[in-house]
1. When you scan segment 117-129, do you find a residue that is assigned to a helix (DSSP H, G or I) and surrounded by fewer than 18 Cβ atoms within 10 Å (Cβ to Cβ), even just one?
2. Just checking, does segment 218-227 include any residue being touching a residue at least 40 places away in the same chain (Cβ under 8 Å), open to solvent by less than 40 Å² (accessible area, probe 1.4 Å) and outside any strand (DSSP E or B)?
3. If residue 92 satisfies every condition in (1) in contact with a helix residue (DSSP H, G or I) (Cβ under 7 Å, 6 or more places away or on another chain); (2) modelled with pLDDT of 95 or more; (3) open to solvent by less than 30 Å² (accessible area, probe 1.4 Å); (4) not in a strand (DSSP E or B) but one, which is the exception?
4. Would you say residue 111 is free of Cβ contacts under 8 Å to residues at least 12 places away in the same chain, among the polar types (S, T, N, Q) and either touching a helix residue (DSSP H, G or I) at 6+ places or on another chain (Cβ under 6 Å) or open to solvent by 70 Å² or more (accessible area, probe 1.4 Å) (or both)?
5. Can you give me the number of residues within segment 29-53 that are within 16 Å of residue 253 (Cα to Cα), out of contact with any Asp or Glu (no Cβ under 9 Å at 6 or more places or on another chain) and open to solvent by 10 Å² or more (accessible area, probe 1.4 Å)?
6. Go through segment 1-79 and tell me which strands (runs of 3 or more DSSP E), entirely inside it, have 3 or more residues that are among the aliphatic types (A, V, I, L, M).
7. Pairs only if they're at least six apart or on different chains, beta carbon under 9 angstrom, first in segment 75-86 and under 18 Å from residue 119 (Cβ atoms) and open to solvent by less than 20 Å² (accessible area, probe 1.4 Å), second basic (Lys, Arg) and part of a loop (DSSP other than H, G, I, E, B); list them, first residue then second.
8. Looking only at segment 242-258, decide whether some residue is under 27 Å from residue 119 (Cβ atoms), open to solvent by 30 Å² or more (accessible area, probe 1.4 Å) and either in contact with a His (Cβ under 9 Å, 6 or more places away or on another chain) or of a type in the set (A, V, I, L, M) (or both).
Amino acid sequence: MSPPLPCLVAAGRRLEYRWIPAARRDAPTLVFLHEGLGSVALWSDFPDRLAAATGSGALIYSRFGFGRSEPLREPRTPDYLDREALDALPAVLEDRGIERPILVGHSDGATIALIHAAAGRWPVRGLVLEAPHVFVEDVTIRGIERARAEYDTGRLRGKLQPWHDDVLATFRGWADLWLLPGFRAWNIEGILTGIHCPVLVIQGEEDRYGTAAQLEAIERGASGRVETMMLPSCGHAPHAEQPEIVLAAMTRFIGAVRPIA
């Protein structure tokens, strides 16, 4: 068994994290923001590979209620993504002394990156997004309902068990929030004009949680340059399903970001 990761305290919560030192002083720091059922460990070695390819330092952390971070003890509220983007993430960056990062977000983590950048309170050099959500689609609800059924039968629970200290709270904290009737109206399209940094968005054509409509909304709404990539024969986790293609695309995009003076 691997030794426990170090922890930091952000917004009053204990969070596990992993740090990959930079190989180049002028390379931007990458901050990885995991999906709705993710954690530090579930990124596997992709952050290491991207850091090595770009020369960047990288911070990977598990949000409150995920992985080995402080467990969730009560239901999440509908403003959860905002609180992660506007309270927790800034506290994490301050704790680690990270300025002007490139945020690498997957699914819920990509949404958190969008909200953080759109607020305009903290300089962000770029966004690298996989399967982001900016509004709730019918396919999103159907996908989460299928995930809940898979969890109830034990199939998904068994897959998640090794990665989270309290797998039931982790799963319910994610699924129950997205399936709240009132959450169906959640939509952040109106804040996207606040995003001025370059953005790369990657989506799988067979993603069961979202469609190309999410990418199109970001293209329409963001004020900065937006590149999009739709991957055929790919589902919700492009970096895990088509790692070589995704690694090459992210490396090229990050390399084009203006170096630190």
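The values are calculated or read from the model by the stated rules, or taken from the named source; none is laboratory data. Computed from a predicted structure; not experimentally measured. Please note: Cβ atoms are built from the backbone with ideal geometry, for glycine as well, and neighbour counts cover all protein chains shown. These area figures cover heavy atoms from the full protein model, side chains too; ligands, DNA and RNA do not enter into them. Shrake-Rupley method; radii C 1.70, N 1.55, O 1.52, S 1.80 Å.
1. First, the residues of segment 117-129 that are assigned to a helix (DSSP H, G or I): 117-119.
Those left that are additionally surrounded by fewer than 18 Cβ atoms within 10 Å (Cβ to Cβ): 119.
So far as segment 117-129 goes, yes, one or more of its residues are assigned to a helix (DSSP H, G or I) and surrounded by fewer than 18 Cβ atoms within 10 Å (Cβ to Cβ).
2. So in segment 218-227, the residues touching a residue at least 40 places away in the same chain (Cβ under 8 Å) come out as 218, 221.
Those left that are additionally open to solvent by less than 40 Å² (accessible area, probe 1.4 Å): 218, 221.
With outside any strand (DSSP E or B) added as a condition, the list becomes 218, 221.
So far as segment 218-227 goes, yes, one or more of its residues are touching a residue at least 40 places away in the same chain (Cβ under 8 Å), open to solvent by less than 40 Å² (accessible area, probe 1.4 Å) and outside any strand (DSSP E or B).
3. Residue 92 satisfies all of (1) in contact with a helix residue (DSSP H, G or I) (Cβ under 7 Å, 6 or more places away or on another chain); (2) modelled with pLDDT of 95 or more; (3) open to solvent by less than 30 Å² (accessible area, probe 1.4 Å); (4) not in a strand (DSSP E or B) except (1).
4. no
5. Count: 3.
6. Working: elements: 7-10, 13-20, 30-33, 58-61.
Hits in segment 1-79: 7-10, 30-33, 58-61.
7. Close Cβ pairs (under 9 Å, with a partner that is basic (Lys, Arg) and part of a loop (DSSP other than H, G, I, E, B)) amount to 84/63.
8. yes
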